[in-house]
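See below for the structure under consideration.
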Amino acid sequence: MKTLLIPTDFSQHAYSACLYAAGMAAGHGWKIHLLHVYQSYYAVSAYPGVTGAAWVEIKDATDKQMAELVEKLKKQFPAISISGENREGSMADTVADFASEKDVNLIAMGTQGATGLKYAVLGSNTFAVILKSPVPVVAIPARISAFRMDRVGFAVNYHAAEIAALEDFTTLVDRPTAITLFHLYEKGKQEETKKMQKWAKRFEKISAGSDSELHFKLAISRNLPISINRMVAREQLDVLVMTPIDKPFFKRMFSKQLIKAIAHKPSVPVFFMKAAGE
């Protein structure tokens, strides 16, 4: 049985991510483990008024929140095995260690919407987890809580490891009805068409003997996040699959200095697969 890990801060946004992840787990017979990461030393140092005794009360309240969340999800998804715990540490390191320790297959986290900005942005915690996680991570926009995966988009940049990434994805979540493989280019459509035709044959081997349909698309891009969102809308995709094989491509999507937009508006969940050897 596969294990799905859901880091949570008990917010409404995090709860929406829980619902999406639980829907996925219910459809695949997975078990769920909820994890809340806290830093007691930081909390006491940052807030001198919070004494050791007061922090114990806060921790007890956190334990109660976790128990209530587990119970709430169990009532909504009685067929799923659901557990949860709180751990002290930094978010990315603790989640990564937990994923390795518990043989987690997938991590599901919510993205963060910034009020007043025209872009939906990926929260710094989610970004850090994607970089450090030993397993794939699905980033879930705030407005999405219902799991759906009939149409999948896969961003292709002509790397050999993308073949393995797509195989890993279809093994992880079963084969969706339709997979659209797309490449966004800046210039030279004729050359890009030849590359896509060559790679199409390699990807088609993955879907051989299955009910999945593969579609191949090319689109010119002057703004990567907006172009991806347009592809999502045009192809009516339910999820995106990406793998950070091409570091320049990945850095165009995200930046440690400035958390960049993943789409012009809150879009679909994005599965970040792991590159071979990462």
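Descriptive notes on the structure:
- A count restricted to region 128-156 and to residues that are closer than 25 Å to residue 92 by Cα, in contact with a Leu (Cβ under 8 Å, 6 or more places away or on another chain) and free of Cβ contacts under 8 Å to residues at least 60 places away in the same chain stands at 0.
- Residues being open to solvent by 20 Å² or more (accessible area, probe 1.4 Å) and either modelled with pLDDT under 90 or in contact with a strand residue (DSSP E or B) (Cβ under 6 Å, 6 or more places away or on another chain) (or both) - total across region 11-27: 4
- Among the residues of region 47-67, those identified as within 31 Å of the chain's Cα centre (by Cα), at pLDDT below 95 and open to solvent by 40 Å² or more (accessible area, probe 1.4 Å) are 58, 59, 60, 61, 63, 64, 65.
- Annotation: of all residues in region 125-168 being over 14 Å from the mean Cα position of the chain (by Cα) and β-branched (Val, Ile, Thr), the one that is farthest from residue 16 (Cα to Cα) is 163.
- Residues that are open to solvent by 40 Å² or more (accessible area, probe 1.4 Å) and modelled with pLDDT of 75 or more number at least 1 in the following strands (runs of 3 or more DSSP E) confined to region 150-220: 151-155, 213-220.
- Test: residue in region 76-86 that is in contact with a helix residue (DSSP H, G or I) (Cβ under 7 Å, 6 or more places away or on another chain), open to solvent by less than 60 Å² (accessible area, probe 1.4 Å), under 30 Å from residue 184 (Cα atoms) and at pLDDT 80 or above: no
The values are calculated or read from the model by the stated rules, or taken from the named source; none is laboratory data. Every value quoted in this text rests on a predicted model; they were computed, and no experiment measured them. All Cβ positions, even for glycine, are placed from backbone atoms using ideal geometry, and neighbour counts span all protein chains on display. The accessibility values were calculated without ligands, DNA or RNA, using every heavy atom of the protein model including side chains. Shrake-Rupley method; radii C 1.70, N 1.55, O 1.52, S 1.80 Å.
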